[in-house]
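Beneath this line is the structure, given in structure tokens, with notes to follow.
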Amino acid sequence: MAERMVGKQAPRFEMKAVLPSGDFGTVSLEENMRNGKWTVLFFYPLDFTFVCPTEITAISDRYDEFEDLDAVVIGVSTDSVYSHKAWIDTPRTENGLGEIKYPLAADTNHAVSRDYGVLIEEEGIALRGLFIIDPEGELKYAVVHHNNIGRDVDEVLRVLQALQTGGLCPANWKPGQKTLEV
């Protein structure tokens, strides 16, 4: 039986990544926590595919909104940093990513994908999982779905803002609306 993760400390990670500058570096949950940042960690199956670039570029195009909410976004697949770099260096018009504003991390040993419960073991790739972690390291939100469906950036931002209210947000709550009183 799967173990609950939401409401508990998120699995810690440190991974090699291609940074927004195009350089190789590392990303870690501990660094985001030290900096008092929320972490939006999302997994995607593979580089050079069809659905993945649509969501990766959509998130990048709105990255300033995540920054305004004190959030760091990290994209992760089981591909290598070299594959990530080649994909970033490929123009969007040629099914590449072009410049993106957040790091793409390489989970080549599958440890982080496994820790977050999104690894398809028999294929060695991740499901589309998205996790929002608060600055204290508590996993506040988790959603995992089929690899054929891209994520909705509006919904990710809405949930992040709802979590940051610290209040009770009813169904269809939108930023700027009141939370529930108890």
**Asked** Any idea which residue in the stretch 7-20 is surrounded by the most Cβ atoms within 10 Å (Cβ to Cβ), counting only those that are part of a loop (DSSP other than H, G, I, E, B) and modelled with pLDDT of 95 or more?
**Response** ALA10
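Yes/no matrix, rows are residues, columns are (1) in contact with a Cys (Cβ under 9 Å, 6 or more places away or on another chain); (2) touching a residue at least 24 places away in the same chain (Cβ under 8 Å); (3) not in a strand (DSSP E or B):
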residue: GLY117; (1), (2), (3): no, yes, yes
residue: GLU122; (1), (2), (3): no, no, yes
residue: LEU130; (1), (2), (3): no, yes, no
residue: GLY150; (1), (2), (3): yes, yes, yes
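Can you tell me which residue within the stretch 152-167, out of those that are assigned to a loop (DSSP other than H, G, I, E, B) and over 26 Å from ASP79 (Cβ atoms), is most open to solvent (accessible area, probe 1.4 Å)? Even if it seems obvious, please write down each step before you answer.
Of the stretch 152-167, the ones assigned to a loop (DSSP other than H, G, I, E, B) are 152, 166-167.
Restricting the remaining residues to those that are over 26 Å from ASP79 (Cβ atoms) gives 166-167.
Numbers: GLY166: 73, GLY167: 37 Å².
Going through the qualifying residues, I end up with GLY166.
Hey, among VAL112, VAL118, which residue is β-branched (Val, Ile, Thr), closer than 20 Å to GLY137 by Cα, touching a Gly at 6+ places or on another chain (Cβ under 7 Å) and at pLDDT 95 or above? Can you show your working first?
On the way: VAL112 fails: touching a Gly at 6+ places or on another chain (Cβ under 7 Å).
Only one candidate qualifies: VAL118.
Looking at VAL143, VAL118, VAL81, VAL76, which one is open to solvent by less than 10 Å² (accessible area, probe 1.4 Å), β-branched (Val, Ile, Thr) and out of contact with any helix residue (DSSP H, G or I) (no Cβ under 7 Å at 6 or more places or on another chain)? Spell out the reasoning first.
Values: VAL143 fails: open to solvent by less than 10 Å² (accessible area, probe 1.4 Å); VAL81 fails: open to solvent by less than 10 Å² (accessible area, probe 1.4 Å); VAL76 fails: out of contact with any helix residue (DSSP H, G or I) (no Cβ under 7 Å at 6 or more places or on another chain).
From the options VAL143, VAL118, VAL81, VAL76, the qualifying one is VAL118.
For the stretch 28-43, which residues satisfy the criterion of being open to solvent by 10 Å² or more (accessible area, probe 1.4 Å) and either outside any loop (DSSP other than H, G, I, E, B) or of a type in the set (S, T, N, Q) (or both)? Explain how you work it out, then say what you get.
In the first step, residues of the stretch 28-43 are kept if they are open to solvent by 10 Å² or more (accessible area, probe 1.4 Å); the result is 28, 30-38.
Selection gives SER28, GLU30, GLU31, ASN32, MET33, ARG34, ASN35, TRP38.
The values are calculated or read from the model by the stated rules, or taken from the named source; none is laboratory data. In this text the structure is predicted, and so the values were computed from the model without any measurement. Cβ atoms come from the backbone with ideal geometry, glycine included; neighbour counts cover every protein chain shown. Only protein heavy atoms, including side chains, enter the accessible area calculation; ligands, DNA and RNA are left aside. Shrake-Rupley method; radii C 1.70, N 1.55, O 1.52, S 1.80 Å.
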